[in-house]
Amino acid sequence: MKTAITELFNIKHPIIQGGMHYVGFAELAGAVSNAGGLGIITGLTQRTPELLAREIARCHDLTDKPFGVNLTFLPSFSAPPYPEYIAAIREGGIKIVETAGRSPEQYMPALKAAGIKVIHKCTSVRHSLKAEQIGCDAVSVDGFECGGHPGEDDMPNMILLPRAAEELKIPFVASGGMADARSLVAALAMGAAGMNMGTRFIATKEAPVHDNVKKALVAASELDTRLVMRAIRNTERVLKNAGVERLLEIEREKGAKLKIEDIHDEVAGVYPKVMIDGDMDAGAWSCGMVVGLIHDIPTVKELVDRIMADAERLIRKRLMGLLGAESRASLEVA
Ligand SMILES: Cc1cc2nc3c(=O)[nH]c(=O)nc-3n(C[C@H](O)[C@H](O)[C@H](O)COP(=O)(O)O)c2cc1C
């Protein structure tokens with residue numbers, strides 16, 4: 001399938017694996033790129049720019065296909081040295097960066113000077129337009145369904161994607177709630193040039209996380225995510241667990257007076273406990289509503305091949321089949 005996104009990133013399929021803290025290591029990014037999608041290493045999971053350089057080198061050993069690095073600009077307990085991370089990305093020969101969180105404006109000159117294509121992930125039309133205006137090459141439009149930070153507008157993709165299509169000139173991919181061929185074809189119908197998946201890629205053989213995480217995703221339903229940190233305008237969609245229940249209880253008690261320090265134990269340092277140790281009750285970790293559509297743990301290649309084969313069937317058989325014989329004949333002539 002050829003779209004503006006496959007052309008822009010020189011990839012076979014219009015499927016991107018979004019950056020994921022403690023999941024987006026070389027193993028997953030390499031597997032996604034080898035399967036014809038765009039794999040992304042999560043920059044800040046690497047504690048230093050030197051470690052990121054090593055992770056990039058490891059990924060180059062695993063694939064000769066294009067892959068990217070995610071740089072997330074979120075409020076955190078201490079700000080990372082972004083210019084040094086960008087230097088590691090540049091020196092590692094990376095040509096695609098997924099930015100997320102705050103605007104990447106300040107870093108655009110450095111990224112562009114290195115010939116890097118930037119896809120910014122954002123949750124509103126106005127932020128997408130801003131990304132276009134500051135020179136981003138594409139956007140990942142992240143609906144309210146998404147795992148991670150859906151922003152504060154609560155706009156689902158059914159509205160957000162067609163609105164993005166009305167306003168944007170640069171290509172965009174649909175992000176949030178994407179799991180299979182149905183997601184991809186629907187996203188294309190709404191004007192996207194591909195899709196970005198997070199949660200779905202965690203439940204794959206290559207995702208370098210504890211088996212408990214993959215099993216929890218298969219077991220969970222679409223009703224099992226919760227929104228946390230609303231009161232401090234850092235909303236995150238997470239999988240419910242005992243730690244999250246504790247966090248929600250603190251949030252209920254503190255109300256609008258909630259401070260990040262009040263929930264430190266439930267949100268800080270949780271990812272290694274969950275992803276490495278498999279402690280599923282450790283606290284808040286991102287997970288999308290799409291978890292309700294995850295029923296198996298295939299290899300990345302099986303997943304991507306299945307999506308592309310099903311998408312073709314869906315378009316040719318189901319959608320074309322809905323047209324009358326006359327319309328089909330006129331399409332063939334055209
Ligand atoms: C476990 C997990 C960790 C994530 N970490 C990050 C991150 O560090 N930076 C980022 O930009 N997005 C992060 N995301 C968001 C994903 O890149 C992607 O935008 C999101 O998962 C899309 O929604 P979906 O889960 O419904 O596919 C994370 C998502 C998950 C599930």
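The values are calculated or read from the model by the stated rules, or taken from the named source; none is laboratory data. Quick caveat: nothing in here was measured; it's all calculated off a predicted structure. All Cβ positions, even for glycine, are placed from backbone atoms using ideal geometry, and neighbour counts span all protein chains on display. Keep in mind that these areas ignore ligands, DNA and RNA; they rest on the heavy atoms of the full protein, side chains included. Shrake-Rupley method; radii C 1.70, N 1.55, O 1.52, S 1.80 Å.
Bridging of LYS12 to aspartates and glutamates at a Cα separation below 17 Å is possible for ASP64, ASP180, GLU302, ASP305, ASP310, GLU312, once same-chain residues fewer than 8 apart are set aside.
Spatial offset of region 235-298 relative to region 92-157 amounts to 24 Å, using the alpha carbon center of each. Taking chymotrypsin sites (Phe, Trp or Tyr not before Pro) across region 41-94, the ones in a DSSP loop with at most 16 further Cβ atoms lying within 10 angstrom of their Cβ are PHE77. Taking the Cα centre of the chain as the origin and placing charges on Cβ (Lys, Arg +1; Asp, Glu -1), which of LEU227, PRO162, ALA284 is farthest toward the positive end of the dipole? Positive-end residue among those listed: PRO162. These residues, ASP64, ASP277, ASP142, ASP137, go from largest to smallest accessible area, 1.4 Å probe, as ASP64, ASP277, ASP137, ASP142. Each residue was assigned an accessible area with a 1.4 Å probe, and for MET178 the value is about 20 Å². For the Cα atoms of the chain, what angle does the longest principal axis make with the long axis of helix 300-313, in degrees from 0 to 90, nearest 10? Helix 300-313 and the main axis of the chain meet at about 40 degrees. Pairs exceeding 23 Å between alpha-carbon atoms, taken from LYS240/LYS273; LYS65/LYS215; LYS117/LYS214; LYS169/LYS301; LYS95/LYS214: LYS65/LYS215; LYS117/LYS214; LYS169/LYS301; LYS95/LYS214. Look at where the Cα atoms of region 305-326 and of region 1-28 average out, and the two centres are 23 Å apart. If you roll a 1.4 angstrom probe over the protein chains with everything in place, what fraction of the accessible area of the chain belongs to carbon and sulfur, to the nearest %? Its accessible area is 54 percent carbon and sulfur atoms. For region 83-124, the relative contact order is 49 percent, taking Cα pairs closer than 8 Å that sit 6 or more residues apart in sequence and dividing their mean separation by the residue count. Given +1 at the Cβ of Lys and Arg, -1 at the Cβ of Asp and Glu and no other charges, the dipole of region 135-207 around its Cα centre is 300 debye to the nearest 20. Probing with 1.4 Å while keeping every protein chain in the model, the per residue accessible area of the chain equals 45 Å².
Put simply, the amide H of PHE73, placed in the peptide plane, has neighbours under 5 Å in ALA100, GLY101, ARG102, leaving out anything fewer than 5 places away on its chain. Report summary: the helix-based calculation at 222 nm, which adds -39500 (n - 2.57) for every DSSP H run with n ≥ 4 and divides by the residues of the chain, gives -11000 deg cm²/dmol.
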